[in-house]
Amino acid sequence: MRKAITTGFLIFSALTCLWGQALPGAGPGRAGRGGGGAAAFPQRPPGDPAVAARGRAQYGIHCNFCHGSDARGGEGGPNLLRSDIVLNDQKGEGIAPIVRAGRGEMPSLQLTNEQIADIAAFIHSFPVNNRDPARFAPPTILVGNAAAGEAYFKSTCVGCHSVTGDLKGLATRYVDPKALQNYWLMPAGGGRGAVAPAHLKPVTVTVGQAPASPTTGRLVRIDDFVVTLALPNGAQQTFRRDGEIPRVVINDPMQAHKQLLPEYRDEDIHNLTAYLVTVK
Amino acid sequence: MTLKKLLLTASAGLLPVLLSAQALDPSVLTKPLGSTDAWPTYSGDYSGKRFSSLKQINQTNVKNLTLSWVGKVTPGAGGGGGRAGFGGSPVIIGGEGTADPNAGGGFGGAANIRASILQVGGVLYLSLPDNAWAVDARDGHEIWHYFWKTKGGTHIGNRGLGMWNNYVYMETPDDYIVCLDAATGKEKWHKEIANFNQQYFSTMSPIVIGNHILTGTGNDLDEPGYIQSLDPETGEVQWRFYTVPMKKGDPGVETWGSLDGAKHGAGNVWIPGSYDPETKLYIVGTGNPSPAYTNPQSRDGDNLYTCSIVAVNVETGKMAWYYQLNPHDTHDWDSTETPILFDGDFKGKQRKMVAHADRNGYFYVLDRLTGEHLLTSKFSDAANWAKEVNAKGQTIRDPKKDSIVPGALVSPNNGGATNWPPPAFSPNTGLFYVPTNEAYAMYYLTETDPRGAMGLGGKDETGLGSLGSYLTAIDYKTGKTVWKHRYPGLGGNVGNGILATAGGLVFAGDAGGNLVAYNDATGKILWHSHIGNVSNAPETYTLDGKQYILVAAGDTMFTFCLY
């Protein structure tokens, strides 16, 4: 067990390091703000307009709705222009795995390498060091009162968490306050199909009750008619459901966080974030 | 093939028109669903109820409901015929674009039938973006397939086809309406209905009323919404009604910070409205104002007629009344969800009403003759964005729940408490059935320039998950939820469209890939079949004296009946 925990922690650390690199605002990207001088980042050389035009058509079909016509985010989808994956992508090779596999609420898109390369060319045709000041994200989301946040933490969170225990070094792992705030609000992520960070416990389900011996495992799927769980040995087991029989109890590690959603005032959230950014 | 001559008094030219046996008799369109054998228009009839008087399948025997046939469609021009029992009919190709005819079925490459499917004379007419089919309703055999080579545009879905006599109409994502011969699938003509360069995209099911074809469009930039009426024979524009003020002095212009703001204020109409033949009013919900998430000075005010129910005279294109549900929306919560027309008692008085469950989590009932407000209630327990329901029954936003720099915790999320999947209403139970989702998100403002963003820009949304997705049944008389069935599991989505029948049944796809029949009064589950992720609203019709249930899951249609 000790080994498993250690490995889990290492994976978590690796992930947070990656995220740390990806956090907006961490780099020198603001250098060009308001200035009349050279761009902060070298721009990509102009590509073949015919390729970008093909990509624009494909983007319009598959991407536009969620990511917006200017790739700055749209109906549910994030801004692509400042995505680390897009920034590191050359000809679609970086975005292809996500396009194919989907991510969070994003469906998997069955596109050819050529189509993805065309889409990449279109996205890369936007200048990324746009000097329109309107296009810069606000410098910080931090507006809260750290002392009030600490008081809130002591009244609401200490039942499960400790800043010297499980949360030690939190603000070092999440250097961007917005990423930190999103993380503590819902550590498992919120989108449909979101993948929880490796250190979090999975959702489990227990089927059946005494005198029959109940079965517990990781929840794979559930509807009104069946429930499937994964046993510790990796095998899956499915039970038919008929109303309340058998008894099914879901154990969601995020339940406490979900129950707080209707309770928070926005001030609580902002204050708690102001406090947690001090938990280095 | 038997041909019969029919004089169409509704036709403007009063010319005799030859109709095939499969043509749609115009009188069928004005009859309530279930009183004829057909499903001839988007909601089955003009009322939007999606309630059929058919009761061959009922609470007692639904447990014996069984598969009749399965049929799969293959979009594109690649000659997909022959799969899943389809005969290989040649694909008819049209279109103005350069798209690869062998490409897949639109959004995400995967075919997902979101459309309502017409059933007329034993033939099903269905669509995907850029694709239309006629399919034999008796076994799913493909009769014809039409493919439109697109210029592009958002391929989020196609809501279905419209039919007039022996013509079938389809909107395309690149903003054309295409008129097809119902018997052969051959194109008669196509017309541009919106400007592609202005980033309109067209998904709506055309609605046929008399000699009017009504169209609508979507736009996620800042272009104005409009309803357009076209001549069914030629496609010529009869009238155009803008949902926002377009010139100085237009009514409602005072509810915008500037005329330019109004003209770039969106309010697009992308889900069909309902129609009251008695008053000739087409009653439709309008989309959100734009820019969707920011508050530039040009958008100061209530932003008429966005997020409203508007009643437009179908002959003149003039607005008879409006009721704005959600003044100055700031969350991209369109009010396009189907308005449902019904008659009944309201506080001791017989009323002709329209009811609407909004993406914003609230339910509204109006008098449909006048637009008089009757009731507002909250059907999403989680909705937390409104400061008050004012004296007129309008939901008034709390500006603190706009997208703000440090983030505002808001429910619903952008997808909404409900969305385009059609609701239903049963006059037998008096219940309004609506798919609902209680999701939360953090809304961060990223555009602090007072000019605001364009379109959907200017905010960053982080989903925080859902407290549950439900099938919710609302009593129109009180606005209270009488029952709600939670779909098991931890995910949340806006769910699937609904069908109600006089057999005491409600049919809907659940979140787990099942088509489920519920007791309409209690929500008790009576039957189900696991067919994969249901993608449209179930429908019902009669064929050879037998009642069928039709539903789509992805690229596949399923029909069920009793043997």
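With within 27 Å of B:GLY489 (Cα to Cα), touching a residue at least 12 places away in the same chain (Cβ under 8 Å) and among the small types (Gly, Ala, Ser) as the only criterion, which of A:ALA274, A:ALA235, A:ALA256 stands out? Break it down into steps so the answer makes sense when it comes.
Values: A:ALA274 fails: within 27 Å of B:GLY489 (Cα to Cα); A:ALA235 fails: touching a residue at least 12 places away in the same chain (Cβ under 8 Å).
Going through A:ALA274, A:ALA235, A:ALA256 in turn, the sole match is A:ALA256.
Can you name every residue in the stretch B:299-336 that is out of contact with any Leu (no Cβ under 9 Å at 6 or more places or on another chain), over 24 Å from B:SER411 (Cα atoms) and not in a loop (DSSP other than H, G, I, E, B)?
B:VAL310, B:MET319
Taking the stretch B:59-108 as the search range and keeping residues that are within 14 Å of chain A (Cβ to nearest Cβ) and not in a loop (DSSP other than H, G, I, E, B), which one is modelled with the highest pLDDT?
In this case the residue turns out to be B:LYS63.
Here's a check for you: in the stretch A:232-250, which residue that is part of a strand (DSSP E or B) and within 11 Å of another protein chain (Cβ to nearest Cβ) is farthest from B:SER466 (Cα to Cα)? Talk me through it step by step, then tell me what you get.
Step one: filter the stretch A:232-250 for residues part of a strand (DSSP E or B), giving A:236-240, A:242, A:245, A:248-250.
Then drop every residue that is not within 11 Å of another protein chain (Cβ to nearest Cβ), which leaves A:242, A:248, A:250.
Numbers: A:ASP242: 25, A:VAL248: 20, A:ILE250: 15 Å.
Top of the filtered list is A:ASP242.
Criterion first (crowded, with 19+ Cβ neighbours inside 10 Å, within 26 Å of B:PRO277 (Cα to Cα) and among the acidic types (Asp, Glu)) does B:GLU233 satisfy it? If you could, list the steps in order and put the result at the bottom.
Numbers: crowded, with 19+ Cβ neighbours inside 10 Å: yes; within 26 Å of B:PRO277 (Cα to Cα): yes; among the acidic types (Asp, Glu): yes.
The answer is yes for B:GLU233.
Please work out which residue is farthest from B:VAL506 (Cα to Cα), limiting yourself to the stretch B:458-489 and to residues that are of a type outside the set (A, V, I, L, M) and in contact with a helix residue (DSSP H, G or I) (Cβ under 9 Å, 6 or more places away or on another chain). Let's see the steps before the verdict.
Looking only at the stretch B:458-489, we keep the residues that are of a type outside the set (A, V, I, L, M), and these are B:458-463, B:465-466, B:468-470, B:472, B:475-481, B:483-489.
Filter once more, keeping what is in contact with a helix residue (DSSP H, G or I) (Cβ under 9 Å, 6 or more places away or on another chain): B:458, B:460, B:462, B:465-466.
Numbers: B:GLY458: 40, B:ASP460: 38, B:THR462: 34, B:GLY465: 27, B:SER466: 24 Å.
Per the criteria, the residue is B:GLY458.
If A:ALA134 satisfies all but one of (1) at pLDDT below 85; (2) in a helix (DSSP H, G or I); (3) in contact with a helix residue (DSSP H, G or I) (Cβ under 7 Å, 6 or more places away or on another chain), what's the number of the condition it fails?
The single condition A:ALA134 does not satisfy is (3).
Filter the stretch A:190-211 for residues that are assigned to a loop (DSSP other than H, G, I, E, B) and either modelled with pLDDT of 80 or more or in contact with an Asp or Glu (Cβ under 9 Å, 6 or more places away or on another chain) (or both) and give the result. Walk me through how you get there before you give the answer.
Taking the stretch A:190-211 and keeping what is assigned to a loop (DSSP other than H, G, I, E, B), we get A:190-203, A:208-211.
Passing the criteria: A:GLY191, A:ARG192, A:GLY193, A:ALA194, A:LEU200, A:LYS201, A:PRO202, A:VAL203, A:GLY208, A:PRO211.
Being assigned to a loop (DSSP other than H, G, I, E, B), surrounded by 24 or more Cβ atoms within 10 Å (Cβ to Cβ), within 14 Å of another protein chain (Cβ to nearest Cβ) and of a type in the set (D, E, K, R), is that true of even one residue in the stretch B:151-168?
No, the conditions are met nowhere in the stretch B:151-168.
Identify the single condition in (1) facing chain A (nearest Cβ under 9 Å); (2) part of a loop (DSSP other than H, G, I, E, B); (3) under 18 Å from B:ASP358 (Cβ atoms); (4) hydrophobic (A, V, I, L, M, F, W, C) that B:ALA417 does not satisfy, given that it satisfies every other one.
Among (1) facing chain A (nearest Cβ under 9 Å); (2) part of a loop (DSSP other than H, G, I, E, B); (3) under 18 Å from B:ASP358 (Cβ atoms); (4) hydrophobic (A, V, I, L, M, F, W, C), the lone unmet condition for B:ALA417 is (1).
For B:THR203, which of the numbered conditions (1) part of a loop (DSSP other than H, G, I, E, B); (2) more than 14 Å from chain A (Cβ to nearest Cβ); (3) of a type in the set (Ser, Thr, Tyr) fails to hold?
Exception for B:THR203: condition (2).
Go through the residues of the stretch B:456-475 one by one and say whether even a single one is surrounded by 23 or more Cβ atoms within 10 Å (Cβ to Cβ), facing chain A (nearest Cβ under 7 Å), more than 30 Å from A:VAL203 (Cα to Cα) and modelled with pLDDT under 95.
yes
Where residues in the stretch A:247-280 are among the β-branched types (Val, Ile, Thr) and surrounded by fewer than 15 Cβ atoms within 10 Å (Cβ to Cβ), which of them is nearest to A:LEU142 (Cα to Cα)?
Narrowing the stretch A:247-280 to residues among the β-branched types (Val, Ile, Thr): A:248-250, A:269, A:273, A:277-279.
Subset that is surrounded by fewer than 15 Cβ atoms within 10 Å (Cβ to Cβ): A:249, A:278.
Working: A:VAL249: 39, A:THR278: 12 Å.
It comes out as A:THR278.
Give the number of residues within the stretch A:212-225 that are away from chain B (no Cβ under 14 Å), modelled with pLDDT of 85 or more and within 30 Å of B:GLY523 (Cβ to Cβ). Show your work before the answer.
First pass over the stretch A:212-225, keeping only residues away from chain B (no Cβ under 14 Å): A:212-217.
Retained after the next criterion (residues that are modelled with pLDDT of 85 or more): A:213-217.
Filter again for within 30 Å of B:GLY523 (Cβ to Cβ), leaving A:214-217.
Result for the stretch A:212-225: 4.
Here is a check on your reading of the model: is B:ALA262 crowded, with 20+ Cβ neighbours inside 10 Å and in a loop (DSSP other than H, G, I, E, B)?
Numbers: crowded, with 20+ Cβ neighbours inside 10 Å: yes; in a loop (DSSP other than H, G, I, E, B): no.
When the stated conditions are applied, B:ALA262 does not pass them.
Test A:LEU229 against the criterion of being surrounded by 18 or more Cβ atoms within 10 Å (Cβ to Cβ), within 27 Å of the chain's Cα centre (by Cα), more than 11 Å from chain B (Cβ to nearest Cβ) and more than 24 Å from A:PRO177 (Cα to Cα), and give yes or no. Talk me through it step by step, then tell me what you get.
On the way: surrounded by 18 or more Cβ atoms within 10 Å (Cβ to Cβ): yes; within 27 Å of the chain's Cα centre (by Cα): yes; more than 11 Å from chain B (Cβ to nearest Cβ): yes; more than 24 Å from A:PRO177 (Cα to Cα): yes.
So A:LEU229 passes the test.
Which members of the stretch B:178-200 meet the condition of being surrounded by fewer than 23 Cβ atoms within 10 Å (Cβ to Cβ), modelled with pLDDT of 95 or more and closer than 25 Å to B:PRO224 by Cβ?
Result: B:HIS190, B:LYS191, B:GLU192.
In this structure, is B:ASP175 crowded, with 24+ Cβ neighbours inside 10 Å, under 18 Å from the mean Cα position of the chain (by Cα) and at positive phi? Can you show your working first?
Values: crowded, with 24+ Cβ neighbours inside 10 Å: yes; under 18 Å from the mean Cα position of the chain (by Cα): yes; at positive phi: yes.
Yes.
Could you figure out which of (1) of a type outside the set (Phe, Trp, Tyr); (2) touching a residue at least 60 places away in the same chain (Cβ under 8 Å); (3) within 11 Å of chain A (Cβ to nearest Cβ); (4) surrounded by fewer than 23 Cβ atoms within 10 Å (Cβ to Cβ) isn't true of B:GLU447?
Only one criterion is unmet by B:GLU447, namely (4).
Pull out all pairs, ordered by first then second residue, where Cβ-Cβ is under 7 Å, the residues are six or more apart or on different chains, the first lies in the stretch B:232-261 and is closer than 18 Å to B:ASN295 by Cβ, and the second is at pLDDT 95 or above and β-branched (Val, Ile, Thr).
So the pair list comes out as B:VAL244/B:THR306; B:LEU259/B:VAL253.
For residues in the stretch B:476-491 being more than 10 Å from chain A (Cβ to nearest Cβ), out of contact with any Leu (no Cβ under 6 Å at 6 or more places or on another chain) and not β-branched (Val, Ile, Thr), which is surrounded by the fewest Cβ atoms within 10 Å (Cβ to Cβ)?
B:LYS480
The values are calculated or read from the model by the stated rules, or taken from the named source; none is laboratory data. Note that this is a predicted model, so its numbers are computed, not measured. Glycine also receives a Cβ, built like all others from the backbone with ideal geometry; neighbour counts cover every protein chain displayed.
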